[in-house]
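First the structure, then my questions, so here it is.
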Amino acid sequence: MDLELNEDQSMLISALQSILDRYRELPSEHRRDRSFYSLDLDNQLLTNGFLDAVRTPGMGALEAALVIAEAATAPVSVEVGASALIAPHITDAILPRPIVLISGDLGKAQRYLNVAKTALMDVGDDILVIAVEAANVEAVDTIYAYPYGRFITPPDLSKAQRLGKAAVAPFRQWSRVALAAECAGLMRTAVDFTVDYVKQRRMFGTTLGTYQAVQHRLAQCHQIARATHYLAMKAAWSGDPMDASAAACFAQQHIQKLTFDLHQFNGGMGVTNEHKLHFWTYRFRALQSELGGANGAAHEIADLLWGPVEAPRTPDTPALREAARRKGGAAKTPGMARHLDPALT
Amino acid sequence: MEFAWTESQQRYREQVATFLEDNLPDDWFDTYCHGLGSPQQIDYARIFCPKLAKAGLLTPQWPAEYGGRDGEPWEQFILAEELWSWGEPRGPQYMNVNWIGPALMRFGTAEQKAEHLSRIATGEVIWCQGFSEPQAGTDLAALQTKAERIGDHYLINGMKIWTSYSYKADWCFLLARTGPERKAISCFLVPMNSKGVSVVPFPGLPEYGHLNEVFFEDVEVPLGNLVGEEGKGWEVITYALSYERVGLPRYHWGRKVLDTAVAQLQAEGRFDDPMVRAHAGRIVSKFEAARVLTYLVVDQRVKRTPDTTDPNVQRITAADACCELMNFLMEYLPDCLSGGERYLELFYRHNIPATIAAGTYELQLDLIAQRGLTLPRGR
Ligand SMILES: Cc1cc2nc3c(=O)[nH]c(=O)nc-3n(C[C@H](O)[C@H](O)[C@H](O)COP(=O)(O)OP(=O)(O)OC[C@H]3O[C@@H](n4cnc5c(N)ncnc54)[C@H](O)[C@@H]3O)c2cc1C
């Protein structure tokens, strides 16, 4: 086990950072926008091969997840997860991009739909590949910091390419990994941004960052960002559906706390577009409910570990008792292991 | 970055698992059910640890000159994961291996190393940690127990509290004041059978064995039992606590406890409830977060990465997961604290102080904020 980036991974990320550094500030005409999709950055990532990790020998899903997390640190948004991580795990075809992910109601606004060329749609027992016609999409106004669009007329699904039932589980799994990786980059940046702010902002003759009430909650936000990062990377590395669900579940269940605390400490400034905080917070806010949200991922974990609801139930027993049985000792069922130890009462 | 166990680490894990299968007695679960700090488990640890030592599994990561076999820090964690999943048959001896030994290797005299390290490495001895006092918990430097140098010995007077396992311990790793300045504190190795040492256990919520008062009345300790320099004990404690605070593999244990709770709910036909299932799934994600952060901390230790606050981050992540699991037990299986499944009760009671002992939750947050996020110390 080695949780530091290796040389190739470090080079990949520092090359990406040097591109992202040109996008840390928004173009002045978009400075006060609620979101800004950078076609220019999108093109840079595509042409420089940052979306190809999964298909590149010597690289893989982990490198793709690192790219997703890092790209999310920029205030501009750009579609990385579906192109770099999800699509390559379900099809060999190189799909026109940006790619929008759709599960559920086609009539609702979808993240990235107004910039997308392809939609991947989860219809329960299949994944459909839908060519998106720009003329059939209208932009939707939102405070989420991603572009959103809606189909004017629902696309004809009979014309869509079908990837088959086998694509459903990997689609969901890698969508969760991509979501967690993106949250990791967004969370880290939003925490750093707020830490910088409370170091400067003065109230009652001192900086906000000296107050323990502020420090402790920021320390917890940092913990959440750090855990999300390593969970996402482990899930990308292992390709294990349990890890994917754990990463998404952890990230999504903590988004409410991060949104609350980070906005709280940026005060009134934090709710202005000019202050930039929302470019990160209202992206993770948008991710909070995707793929069924924290509960959806939690149910997936429960199904994987303890069997689906319909399955016949065979009670599991702790290792201790199993071993006792194997060794021929008295098998103890719950409730029998009572010991009247006066010292314990 | 990669998360794989090496072949030799896997072999090591299998070796530990086989050892446990072969050596734990049939009635081990009964012993375990008395609790980690119980007389039964501490007595059993005195039988079990020498066997573990003989198999080369008690102090694998220690240097060979001190009875180890120069193993990598990962081995200590694999060992801990396996042992905790069986209920930690080392009893209190995990402390010896984790931090008392390493502190003596760094600060002990040649005589202290010769006397104590070999006894720890052979699994024969029970230690306790005599740091906290009624008025010195989080603010440890406020401690009042005094050590006066008189001729060829120190005379120790004062009291300690919450001294886990002390009622059964052979030795105490004691902190006492040797001067009036706030941090004029020194470390001593005190035999618990010294004249003037008395231990009074008192009842409480955690499992038995943790809540004890230890009184020191004119206890004479030879000068040779001072660890490090007089008045420089703070350095020793900081070093020792950095080892202690990596923490226990609570994720491994917690996941097993959650499996047991789910099995019980399934057997009672109550695990189909979507709320219960979602709650259990969320807890898994928290334990997995604690697991991966523990691996991060071990990796940093292997690489001797300069101090980070990741151990503190790991501690609060594990504590959050434990609290959530305790909450799950209280919501759905409350009878585990009133005559129900003992395995669940032990987890609950053991973890009542998980956010208090060995550095409180708030202390961890202070450290993350001030050292990690470099927020200024203030109000
Ligand atoms: C089961 C158990 C086993 C233990 N075993 C041992 C042992 O073997 N050896 C040993 O030496 N000690 C042991 N301890 C003691 C333990 O280390 C102390 O309880 C701990 O350090 C906290 O001290 P305290 O209890 O005095 O709490 P206090 O210091 O009084 O703190 C009470 C609360 O106030 C908070 N607080 C304190 N200062 C601040 C601050 N500056 N800012 C914000 N919040 C603050 C704390 O975080 C805590 O939540 C054990 C304790 C328990 C419960």
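Here, each number is a calculation from the coordinates, and none is a lab measurement. Computed from a prediction, not measured in an experiment: that's the story for all the values here. Positions of Cβ are backbone-derived with ideal geometry, glycine not excepted, and every protein chain shown enters the neighbour counts.
Determine the relative contact order of chain A: mean sequence separation of Cα pairs under 8 Å and six or more apart, normalised by residue count, in whole percent.
Details: 524 pairs, mean separation 52.1, N = 345.
Dividing the mean separation by the residue count of chain A yields 15 percent.
Continuing with the same structure: Given 0.36 nm per residue, what is the gain on full extension from B:Ala4 to B:Asp218 after removing their alpha carbon distance, in nm? Please report the intermediate quantities before stating the final value.
Numbers: separation 214, 0.36 × 214 = 77.04 nm, distance 5.44 nm.
Result for the pair: 71.6 nm of gain on full extension.
Now for a separate question. I need B:Leu241, B:Leu333, B:Leu36 ordered by Cβ neighbour count within 10 Å, fewest first. All intermediate terms of the calculation are to be shown ahead of the outcome.
Details: B:Leu241 17, B:Leu333 22, B:Leu36 25.
Ascending Cβ contact count within 10 Å gives the list B:Leu241, B:Leu333, B:Leu36.
Among A:Thr194, B:Thr18, B:Thr360, A:Thr210, rank each residue by its count of other Cβ atoms within 10 Å, from fewest to most, as a rough exposure measure. Working shown, then result.
Values: A:Thr194 29, B:Thr18 11, B:Thr360 16, A:Thr210 20.
Ascending Cβ contact count within 10 Å gives the list B:Thr18, B:Thr360, A:Thr210, A:Thr194.
Using only the Cα atoms of the stretch A:233-289, what semi-axes does the equivalent ellipsoid have when each is the square root of 5 times a gyration tensor eigenvalue? Give whole Å, largest first.
Values: eigenvalues 166, 22, 13 Å².
The answer is 29, 11, 8 Å, longest axis first.
Tally Lys and Arg at +1 and Asp and Glu at -1 over the other residues with C-beta under 10 Å from the C-beta of B:Thr294: what net charge comes out?
On the way: positive: B:Arg250, B:Arg291, B:Arg315; negative: B:Glu81, B:Asp299, B:Asp310.
It works out to a net charge of 0.
Report the label-to-label distance for B:Thr305 and B:Asp273 in nanometres (one decimal), using points 7 Å from each Cα along the Cα→Cβ vector.
Here the modelled spin labels are 4.1 nm apart.
Kirkwood Rh, the stretch B:249-372, all Cα pairs: how many Å? Could you put the intermediate results ahead of the total?
On the way: mean 1/r = 0.0649 Å⁻¹.
With all distinct Cα pairs of the stretch B:249-372 included, I get 15.4 Å.
Please return the longest range in chain B lying between exposed loop sites, taking GluC sites (Glu not before Pro), DSSP loop only, at most 15 other beta-carbon atoms within 10 Å, and leaving the sites out. Intermediate results must be reported in sequence, preceding the final value.
On the way: sites that count: B:Glu124, B:Glu181, B:Glu229, B:Glu268.
That gives B:1-123 as the longest site-free run.
Give me the extension gain from B:Thr360 to B:Arg46: residue separation times 0.36 nm, minus the current Cα-Cα distance, reported in nm with one decimal.
Numbers: separation 314, 0.36 × 314 = 113.04 nm, distance 3.01 nm.
Roughly 110.0 nm would be gained on extension.
For chain A, set up a Gaussian network in which alpha carbons nearer than 10 Å are linked by springs, and say which option among A:Asn266, A:Asn114, A:Asn48 fluctuates the most.
In this elastic network of chain A, the residue with the biggest mean-square fluctuation among A:Asn266, A:Asn114, A:Asn48 is A:Asn48.
Further question: Which whole-angstrom value gives the distance between the alpha carbon centres of the stretch B:1-35 and the stretch A:74-121?
Each part's Cα centre sits 45 Å from the other's.
At what distance in nm do the modelled label points of B:Ala114 and B:Arg371 sit from each other, each positioned 7 Å from its Cα along Cα→Cβ?
For B:Ala114 paired with B:Arg371, the spin-label model returns 3.5 nm.
Now for a separate question. Within the stretch A:182-266, list the chymotrypsin sites (Phe, Trp or Tyr not before Pro) lying in a DSSP loop whose Cβ has at most 11 other Cβ atoms in a 10 Å radius. Please list the in-between numbers first.
Details: sites: A:Phe193, A:Tyr197, A:Phe204, A:Tyr211, A:Tyr230, A:Trp237, A:Phe250, A:Phe260, A:Phe265; in loops: A:Phe204, A:Tyr211.
Those that pass, being in a loop and sparsely packed, are A:Phe204.
Count the DSSP beta bridges whose two residues both fall in chain B, then state the antiparallel fraction as a percent rounded to the nearest 5. If you can, show how the numbers build up before the last one.
Working: 28 of 34 bridges.
In chain B, DSSP labels about 80 percent of beta bridges as antiparallel.
Please give the per residue volume of the convex hull enclosing the alpha carbon atoms of chain B, rounded to a whole number of Å³.
154
Residues in the stretch A:248-292, backbone N under 18 Å from the label point at A:Phe204 (7 Å along the Cα-to-beta-carbon vector): list them, ranges by number please.
A:264-268
Same structure, new question: Restricting to DSSP H runs of at least four residues, report the calculated mean residue ellipticity at 222 nm for chain A, -39500 (n - 2.57) per run over all residues, nearest 500 deg cm²/dmol.
Numbers: 10 runs with 156 residues, N = 345.
So the calculated ellipticity at 222 nm is -15000 deg cm²/dmol.
First select every other residue whose beta carbon is under 14 angstrom from the beta carbon of A:Asp40; then total the charges, Lys and Arg +1, Asp and Glu -1.
Details: positive: A:Arg22, A:Arg24; negative: A:Asp21, A:Glu25, A:Glu29, A:Asp42, A:Glu79.
Surrounding charge for A:Asp40 is -3.
Straight distance only, please: which lysines reach the Cα of B:Lys256 with their own Cα at less than 25 Å, same-chain residues fewer than 8 apart left out?
Cross-link targets: A:Lys234, A:Lys327, A:Lys332, B:Lys286.
Right, another one. For the stretch A:65-168, run through the GluC sites (Glu not before Pro) and keep only the ones in DSSP coil with at most 14 other Cβ atoms within 10 Å of their Cβ. Don't skip to the end; give the middle numbers.
Values: sites: A:Glu70, A:Glu79, A:Glu133, A:Glu138; in loops: A:Glu79, A:Glu133.
The qualifying sites are A:Glu133.
Could I ask something else about it? Summing +1 for each Lys or Arg and -1 for each Asp or Glu, what net charge is found among the other residues whose Cβ lies under 10 Å from the Cβ of B:Met192?
Details: positive: B:Lys168; negative: B:Asp170.
Net local charge, B:Met192 excluded: 0.
I need the semi-axes of the equivalent ellipsoid of the protein assembly as shown: take the C-alpha gyration tensor, multiply each eigenvalue by 5, square-root it, list largest first in whole angstrom. Don't skip to the answer; put the middle values down first.
On the way: eigenvalues 498, 185, 100 Å².
Result for the protein assembly as shown: semi-axes of 50, 30, 22 Å.
Roughly speaking, what % of Cα-Cα pairs in the stretch A:1-152 are separated by over 23 Å, rounded to a whole number?
Details: 4623 of 11476 pairs.
The proportion of pairs with Cα distances above 23 Å equals 40 percent.
While we're here: At 1.002 mPa s and 20 °C, plugging the Kirkwood radius over alpha-carbon pairs of the stretch B:128-232 into Stokes-Einstein gives what diffusion coefficient in µm²/s?
On the way: Rh = 13.6 Å.
It diffuses with D of about 157 µm²/s by this estimate.
Mind giving me the FRET efficiency for A:Asp2 and B:Ser242? R0 is 30 Å, r the Cβ-Cβ distance, nearest 0.05 is fine.
Numbers: r = 22 Å, r/R0 = 0.72.
Given R0 = 30 Å and the Cβ-Cβ separation, E is 0.90.
Just the Kirkwood number for the stretch A:168-306, please: inverse of mean 1/r across all distinct Cα pairs, in Å, one decimal.
This gives a value of 15.5 Å.
Looking at the square roots a ≥ b ≥ c of the eigenvalues of the Cα gyration tensor of the stretch B:7-125, which shape do they give, rounded for a/c under 1.5, prolate if a/b is larger than b/c, or oblate?
Values: a/c = 2.13, a/b = 1.29, b/c = 1.65.
Since a/c reaches 1.5 but b/c is at least a/b, the shape of the stretch B:7-125 is classed as oblate.
Here's another thing I want to ask about it. Once you've got the GNM for chain B with C-alpha springs shorter than 10 Å, pick whichever of B:Pro25, B:Pro274, B:Pro206 has the biggest mean-square fluctuation.
In the Gaussian network model the winner is B:Pro274.
Distance in nm between label sites at A:Glu25 and A:Lys165, each 7 Å beyond Cα in the beta-carbon direction?
Once both label points are built, they end up 5.6 nm from each other.
Given N residues in chain A, what is its alpha carbon radius of gyration divided by 2.2 N^0.38 Å?
Details: Rg = 22.9 Å, N = 345, 2.2 N^0.38 = 20.3 Å.
Its radius of gyration relative to the 2.2 N^0.38 Å reference: 1.13.
Can you pull the three principal axis extents for the Cα set of the stretch B:69-212, in Å, largest first?
44, 41, 28
Among the lysines, which have Cα under 21 Å from the Cα of B:Lys195 when same-chain residues fewer than 8 positions away are ignored?
B:Lys146, B:Lys160, B:Lys168
While we're on this one: Order these by the 10 Å Cβ neighbour count, fewest first: B:Trp84, B:Trp253, B:Trp171. Don't skip to the answer; put the middle values down first.
Values: B:Trp84 20, B:Trp253 26, B:Trp171 23.
So the residues, fewest neighbours to most, are B:Trp84, B:Trp171, B:Trp253.
Per residue Cα convex hull volume for the stretch A:67-151, in cubic angstrom?
Details: hull volume 8.4 nm³, N = 85.
Normalising the Cα hull of the stretch A:67-151 by residue number yields 99 Å³.
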